[in-house]
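As structure tokens, the structure follows; a few thoughts come after it.
The values are calculated or read from the model by the stated rules, or taken from the named source; none is laboratory data. None of the values given here were measured: they were computed from a predicted structure. Positions of Cβ are generated from backbone atoms using ideal geometry, with glycine treated the same way; all protein chains shown enter the neighbour counts. Only protein heavy atoms, including side chains, enter the accessible area calculation; ligands, DNA and RNA are left aside. Shrake-Rupley method; radii C 1.70, N 1.55, O 1.52, S 1.80 Å.
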Amino acid sequence: ALWTIWASPSGAQVVYLARIEPGASRFQTSFGLDPAVLTTLGYVRGFGLGSGTALWELDLGMAVAEADFEDLRLRVGLQATLWRKGSWRIAAGSRLIARSTSNSIYHGQGFGADLTTLAGFYRRGWFVAGSIGYERTFVMHIEHGDWYRDNIYAEAVDGWYRGESGILRGGLAAGFTVDVVEVATRVKWRRLDGGEPLDPPIVGEISFSVPF
């Protein structure tokens with residue numbers, strides 16, 4: 001099914017929860033396999049929530065191989081600490097996701113959301129954390145390309161389609177600071193929620209954040 005080509009793992013941006021304060025902002029860039037080679041530019045801002053700190057985040061990703069502005073991913077969401085004891089933290093986040101892609105098989109736009117829970121040990125200068133998450137594309141608009149009609153299915157119908165399945169994710173992340181620059185890396189494992197593997201089954205990225 002075409003929707004499987006659409007699959008792309010997401011997850012909350014790798015943010016130093018021990019360093020973000022209400023009113024603090026971060027500019028972030030990342031590079032990695034997600035599942036195509038993707039570069040992402042993002043913005044994070046902290047705000048007060050009860051006695052703790054939460055953050056909202058916005059990022060825009062583009063496939064590197066083609067550098068094509070028709071292949072984009074836009075995400076906006078919130079993340080908050082649910083529990084804290086010393087340097088240990090549990091946090092959760094959710095984002096809305098919009099994608100646009102174009103290739104010889106189809107041209108499409110998709111809309112969905114994800115939910116991620118993180119647990120880790122966060123110090124001011126470094127952290128390690130694990131995460132689990134779920135992502136689903138709820139609806140997509142597909143226009144089939146000539147190659148698809150000529151070689152796969154001539155009677156393919158263009159239009160709106162409902163997402164058939166979601167993606168389960170598990171991940172490990174670690175980071176440290178170099179002066180004011182925050183460096184982090186993350187590896188994520190992914191499968192469809194029905195248990196079927198995705199190709200590639202493991203993806204990863206490295207990110208750099210600068211406060212301003």
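Counted by Cβ distance under 14 Å from residue 45, the other residues give a net charge of -1, where Lys and Arg count +1 and Asp and Glu count -1. Multiplying the residue separation of residue 24 and residue 158 by 0.36 nm and removing their Cα-Cα distance gives an extension gain of 43.7 nm. Just grab the label-to-label distance for residue 150 and residue 76, each label 7 Å out from Cα along the Cβ direction, in nm (one decimal). Result for the modelled spin labels: 4.0 nm. Largest GNM mean-square fluctuation among 75, 136, 89, using the chain with Cα springs under 10 Å: 89. For the chain, the relative contact order is 18 percent, taking Cα pairs closer than 8 Å that sit 6 or more residues apart in sequence and dividing their mean separation by the residue count. Each of 131, 63, 121 was scored by the projection of its Cα onto the charge dipole of the chain, and the greatest displacement toward the positive side belongs to 121; charges sit on the C-beta of Lys, Arg, Asp and Glu. Below 11 angstrom from the Cβ of residue 171, what's the summed charge of the other residues (Lys, Arg +1; Asp, Glu -1)? Residues close to residue 171 contribute a combined charge of +3. Basic side chains Lys and Arg get +1 at the Cβ, acidic Asp and Glu get -1 at the Cβ, and with that the dipole of the stretch 98-150 about its Cα centre reaches some 440 debye. Rolling a 1.4 Å probe over the protein heavy atoms gives the chain an accessible area of 51 Å² per residue. Per atom type, the chain shows carbon and sulfur on 64% of its accessible surface, probed at 1.4 Å. Taking amide H atoms as placed 1.01 Å from N in the peptide plane, the amide H of residue 64 lies under 5 Å from those of 37, 38, 39, each 5 or more residues away in sequence or on another chain. Largest mean-square fluctuation among 51, 94, 104, in a Gaussian network model of the chain whose springs join Cα atoms under 10 Å apart, belongs to 51.
Taking label points 7 Å from Cα along the Cα-to-Cβ direction, residue 49 and residue 85 give a separation of 2.1 nm. Each label point was placed 7 Å from the Cα along the Cα-to-Cβ direction; for residue 107 and residue 124 their separation is 5.4 nm. Taking the chain as a Gaussian network, where each spring joins two C-alpha atoms under 10 Å apart, which residue of 25, 87, 102 fluctuates the most? Answer for the Gaussian network model of the chain: 87.
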